[in-house]
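Data first, discussion second: the structure below is written as C-alpha cells.
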Amino acid sequence: MTLLILGGTGTLGRQIVRKALENGFQVRCIVRNKRAANFLKEWGAELVYGDLTFPETLPLSFQGVTAIIDASTTKSEDNTELINVDWYGKLILMELSKYVRVQRFIFLSILNSENYPYITLMQMKFGIEKLLKNSGIPFTIFKYAGFFQALISQYAIPILEQKPLLITLESPTISYIDTQDAAFFCIKSLSIKETKNKILYTGSSQAWKSGEIISLCEKLSGQKAKTQLVSIFLLKVVRQITGAFEWSLKISDRLAFIEVLNNTENFIPAIEYTYKILEIKPKEVLELDFYFREYFEMMLNTLENLNGGQIRNRKTSII
Ligand SMILES: NC(=O)c1ccc[n+]([C@@H]2O[C@H](COP(=O)([O-])OP(=O)(O)OC[C@H]3O[C@@H](n4cnc5c(N)ncnc54)[C@H](OP(=O)(O)O)[C@@H]3O)[C@@H](O)[C@H]2O)c1
C-alpha cells in the first residue's frame, strides 16, 4: 500500500510518517524543500517535490497511490497564501484523489470549525469537510482542538525563561492531544473499515483551561509564571502591533485564534466513539500532565548538567 502524505515535515505530519513506516507502509511525501525534509528520507520515506500553491507540481506524485493523509496547512498571516493552501490546494488534492481512485483520504480538521464561519481557516476547514463528505471519495476526517507540542512554546518555555505570559479572563476548556497519539489514530484508521466515511473527534480524556496549564507548569518547574492579565480587546489591538513585543512569537498561535478565545464555547471532543471504533483504551492515550512532567524533568536535568550540578539542591523541591 502506497501512502501519500502531505505536511510530512510538520508537527503532526512527521509523527504520521514515522508511524506509517513503523507499520510497514510505503510512504511517499510531497515536500516543498527536499533538503529540509531529508530526515524523512533517512527514516525511509520517498520524497517528491510538490507545492500546494503550484498545482502543476502535484499530479505525478499520485501515481500508484492507495491512500492519502493530508497534514498540510499554512500558518501564514497572508490571506492569499492561506486560501491557496487550505482551500484551493485541498480542492486539487481531492480532484487528483478521485482521479486515481484512492481507497482513503484522511483529512485533518479543527474541532468546532463549523461554529466559526468568520475565521478564514475555520471556514475553509469546515468547507473542505463538507465537500469531502459529498465527493464520493472514501474519507476519514479527524477533528482536533490542539496538540501538546504547541503548549511547550506557549506556556512551558516562557515560564522556564521567566518571560511574560499573557492570560485572559476568558478561557475555554480544551482537550489537547499528543501528536504521537494523533498519528497512531490516523494510521490505525486505515486498517479499520468502520472508520471509512466517518468524522472522528479526537483528544485526550482530560480538558484544561489555560490557568490550569500554567499552575501545572509552575508546580513542575518550581518557577512562578510572570502572568499579565489582559483583556481580549487589548489582545486584538496587540495583534496589530505584534512585532513590537519580544513575546509576540510565543503568543502568535493564540493571537491567530483570538476570536475563539473570546468565546465561552469549550473544545472537548466526544472521544468515546473514536476510541471505540479504533479499539483504543483511554489509558493508552497520553495525558497532558504526564507529558509536561517528562518535559520538565528532561529540561531541568539538562539545565542541571549545564550548571555542573549547581542547582541540584533545588531539584528535589522543583520536581
Ligand atoms: N496545530 C494545531 O493545534 C492543530 C489543531 C487542529 C487541527 N490541526 C490540523 O492538523 C494538521 C497538522 O497541523 P500541524 O500543526 O502539524 O501543522 P504544521 O506543523 O504547521 O505543518 C504544516 C505542514 O504543511 C506543509 N505546507 C505548508 N504549506 C505548504 C504548501 N504550499 N505545499 C505543501 N505543503 C505545505 C509544511 O511544509 P514546510 O515544511 O515546507 O513548511 C508542513 O509540513 C493541519 O491540517 C492542521 O490544520 C492542527
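Bear in mind that the values in this text are calculations on the coordinates, not laboratory data. Because the structure is a prediction, the values reported are computed rather than measured. Note: ideal-geometry Cβ built from the backbone for every residue, glycine included; neighbour counts use all protein chains shown.
Structure summary
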{"item": "Only one of Asp78, Asp86 that is touching a Lys or Arg at 6+ places or on another chain (Cβ under 8 Å) and of a type in the set (D, E, K, R)", "result": "Asp86"}
{"item": "Residues (crowded, with 21+ Cβ neighbours inside 10 Å and more than 16 Å from Tyr49 (Cβ to Cβ)) located in region 1-12", "result": "Leu3, Leu12"}
{"item": "Cβ pairs under 6 Å, 6+ apart, first in region 68-88 and closer than 10 Å to Leu6 by Cβ and aliphatic (A, V, I, L, M), second in a loop (DSSP other than H, G, I, E, B) and more than 10 Å from the ligand (Cβ to nearest atom)", "result": "Ile68/Val102"}
{"item": "Some residue of region 31-47 being within 28 Å of Thr195 (Cα to Cα), in contact with a Phe, Trp or Tyr (Cβ under 6 Å, 6 or more places away or on another chain) and not charged (D, E, K, R)", "result": "no"}
{"item": "Selection status of Lys133, in contact with a helix residue (DSSP H, G or I) (Cβ under 9 Å, 6 or more places away or on another chain) and over 18 Å from Phe184 (Cα atoms)", "result": "no"}
{"item": "Count of residues meeting criterion [more than 10 Å from the ligand (Cβ to nearest atom) and surrounded by 16 or more Cβ atoms within 10 Å (Cβ to Cβ)] in region 44-68", "result": "10"}
{"item": "Considering residues of region 71-129 that are more than 23 Å from Thr9 (Cα to Cα) and among the hydrophobic types (A, V, I, L, M, F, W, C) only, the residue surrounded by the most Cβ atoms within 10 Å (Cβ to Cβ)", "result": "Phe126"}
{"item": "Test: Leu108 is under 18 Å from the mean Cα position of the chain (by Cα) and in a helix (DSSP H, G or I)", "result": "no"}
{"item": "In region 140-164, residue nearest to Lys196 (Cα to Cα) [restricted to those that are in contact with a Pro (Cβ under 8 Å, 6 or more places away or on another chain) and surrounded by 21 or more Cβ atoms within 10 Å (Cβ to Cβ)]", "result": "Lys143"}
{"item": "Those residues of region 25-43 which are over 21 Å from the mean Cα position of the chain (by Cα) and either over 12 Å from Gly8 (Cα atoms) or within 11 Å of the ligand (Cβ to nearest atom) (or both), in sequence order", "result": "Phe25, Gln26, Lys34, Arg35, Glu42"}
{"item": "Count of region 69-123 residues which are closer than 24 Å to Lys193 by Cβ, in contact with a helix residue (DSSP H, G or I) (Cβ under 7 Å, 6 or more places away or on another chain) and within 11 Å of the ligand (Cβ to nearest atom)", "result": "6"}
